[in-house]
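A.B. asks: Take a look at the following structure, please.
Any read-out appearing in this document is the output of simple, stated calculations on the displayed coordinates, not a laboratory observation. Because the structure is a prediction, the values reported are computed rather than measured. So basically every Cβ, Gly included, is an ideal-geometry build from the backbone, and we count neighbours across all protein chains shown.
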């Protein structure tokens, strides 16, 4: 079955430090890949997406993600986090072929920023 | 402004009382979906629609109905809500298969 795994439920990072959030997927073929952020009480905001091409994807708010086919991963990174980055982060995937329509989400990683 | 809107944003109801959560998009998108978000489970798709009068089940369709009579609207219907449908619901839309999904602000539902 298709799945998206975010191994870390919680991550705590000091303000100004670098960040990496992990995401692994299990699909028959390379899916479309997304990272969304959800601030407390808010909806989902798209940070970045990968459909094909360059495996390093730049997104909004200084985030980037790298697609690694050999590792079935799409990890999210930021070189220096700000207190406002504290939120829930979701990795998601969608079949790029003619299969299921919906996004499959990971269970989320809760990011805590220490002063 | 391009957006997906949902109403109501918050709803408290009782078991068995039919309710409808509306979803509307102003981007002329063909694809629309409903998701529910539960702690520790992430988001799961309930139903989706690829165009007017074309709908299909997602991963967790039990207890829900949808309709797509107009391109812009995709209401979610709970005929007989139960407490296990207490959740945060998101509507989403996108132009076609290869495009990004845009999410509504969410509807928080509590079924007593």
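A.B. asks: Within a 10 angstrom radius of the beta carbon, how do B:32, B:50 rank from fewest other beta carbons to most?
C.D. replies: Numbers: B:32 27, B:50 16.
In order of increasing Cβ crowding within 10 Å: B:50, B:32.
A.B. asks: Test of understanding: ordering A:23, A:91 by Cβ neighbours within 10 Å, fewest first, what list do you get?
C.D. replies: Ascending Cβ contact count within 10 Å gives the list A:23, A:91.
A.B. asks: When 1/r is averaged over all different Cα pairs and the result inverted, which Kirkwood radius in Å belongs to chain A?
C.D. replies: On the way: mean 1/r = 0.0703 Å⁻¹.
The Cα-based Kirkwood calculation yields 14.2 Å.
A.B. asks: So what are the radius of gyration and Dmax for the Cα set of the protein assembly as shown, in Å?
C.D. replies: My reading of the Cα-based Rg and Dmax gives 17.6, 52 Å.
A.B. asks: Okay, next question. Just the Cα atoms of segment B:1-59, one point each, no solvent: what log10 I(q)/I(0) does Debye give at q = 0.12, 0.17, 0.24 Å⁻¹?
C.D. replies: Debye curve over Cα of segment B:1-59, log10 I(q)/I(0) at q = 0.12, 0.17, 0.24 Å⁻¹: -0.38, -0.76, -1.22.
A.B. asks: Which one of B:58, B:42, B:16 has the biggest mean-square fluctuation once chain B is modelled by GNM with Cα springs under 10 Å?
C.D. replies: Top of the fluctuation ranking is B:42.
A.B. asks: May I ask what percent, to the nearest 5, of DSSP beta bridges between residues of the protein assembly as shown are antiparallel?
C.D. replies: Roughly 90 percent of the DSSP beta bridges within the protein assembly as shown come out antiparallel.
A.B. asks: Another question about this same structure. Would you mind telling me the antiparallel percentage of the DSSP bridges in chain A, rounded to 5? Mind dumping the intermediate values first?
C.D. replies: On the way: 32 of 37 bridges.
Taking every DSSP beta bridge with both residues in chain A, the antiparallel ones total about 85 percent.
A.B. asks: I would also like to ask the following. At q = 0.24 Å⁻¹, what is the base-10 log of I(q)/I(0) for segment A:43-111 according to the Debye formula with one equal point scatterer per Cα and no solvent? Please give it to two decimals.
C.D. replies: Listed by q, the Debye log ratios stand at -1.31.
A.B. asks: Could you give the length gained on full extension between residue B:77 and residue B:52, defined as 0.36 nm per residue of separation minus the Cα-Cα distance, in nm? List each step's numbers first, then the result.
C.D. replies: Numbers: separation 25, 0.36 × 25 = 9.00 nm, distance 1.67 nm.
Contour length minus the Cα-Cα distance gives 7.3 nm.
A.B. asks: From other protein chains only, count the Cβ atoms within 10 Å of every residue's Cβ in B:37-50, then give the mean.
C.D. replies: 4
A.B. asks: Still on this structure: Give me the one-decimal nm value for the distance between modelled label points at residue B:86 and residue A:10, 7 Å along each residue's Cα-to-Cβ direction.
C.D. replies: 2.3 nm
A.B. asks: Between residue A:69 and residue A:20, what is the FRET efficiency for a Förster distance of 25 Å, r being their Cβ-Cβ separation, to the nearest 0.05?
C.D. replies: The pair residue A:69/residue A:20 has a calculated efficiency of 0.85.
A.B. asks: Counting partner chain Cβ atoms within 10 Å of every residue's Cβ in B:72-85, what's the average?
C.D. replies: On the way: counts 0, 0, 0, 0, 0, 0, 0, 0, 0, 0, 0, 0, 0, 0.
Mean shielding count: 0.
A.B. asks: How would segment A:1-58 be classified by its alpha-carbon gyration tensor: rounded, prolate or oblate, with rounded meaning a/c under 1.5 and the a/b versus b/c comparison settling the rest?
C.D. replies: Numbers: a/c = 1.62, a/b = 1.53, b/c = 1.06.
Prolate shape, in that a/c is at least 1.5 and a/b is the bigger ratio.
A.B. asks: Can you classify segment A:57-97 as rounded, prolate or oblate using the Cα gyration tensor, where a ≥ b ≥ c are the square roots of its eigenvalues, rounded means a/c under 1.5, and otherwise it's prolate if a/b beats b/c and oblate if not?
C.D. replies: prolate
A.B. asks: For segment B:44-112, divide the Cα radius of gyration by the Kirkwood radius and give the resulting Rg/Rh value with two decimals. List each step's numbers first, then the result.
C.D. replies: Numbers: Rg = 12.4 Å, Rh = 13.0 Å.
My calculation of the ratio gives 0.96.
A.B. asks: Give me A:12, B:55 sorted ascending by neighbouring Cβ count inside 10 Å, so fewest comes first.
C.D. replies: Details: A:12 11, B:55 18.
Fewest to most other Cβ atoms nearby, the residues stand as A:12, B:55.
A.B. asks: Could you let me know the centre-to-centre spacing of segment B:70-84 and segment A:1-74, using Cα atoms, in angstrom?
C.D. replies: About 30 Å separates the Cα centre of segment B:70-84 from the one of segment A:1-74.
A.B. asks: Still on this structure: Pop a pseudo-label 7 angstrom from the Cα along the beta-carbon direction at both residue B:15 and residue B:41 and give the gap in nm to one decimal.
C.D. replies: Rounded to a tenth, the inter-label distance reads 1.8 nm.
A.B. asks: At a threshold of 8 angstrom on Cα-Cα distance, excluding pairs fewer than six apart, so keeping six or more, what relative contact order does segment A:15-66 reach in percent?
C.D. replies: On the way: 52 pairs, mean separation 11.8, N = 52.
Over segment A:15-66, the number comes to 23 percent.
A.B. asks: Moving to a separate point now. Does anything in segment A:1-35 have its amide N under 14 Å from the 7 Å Cα→Cβ label point of residue A:82, and if so which residues?
C.D. replies: Backbone N within reach: A:15-17.
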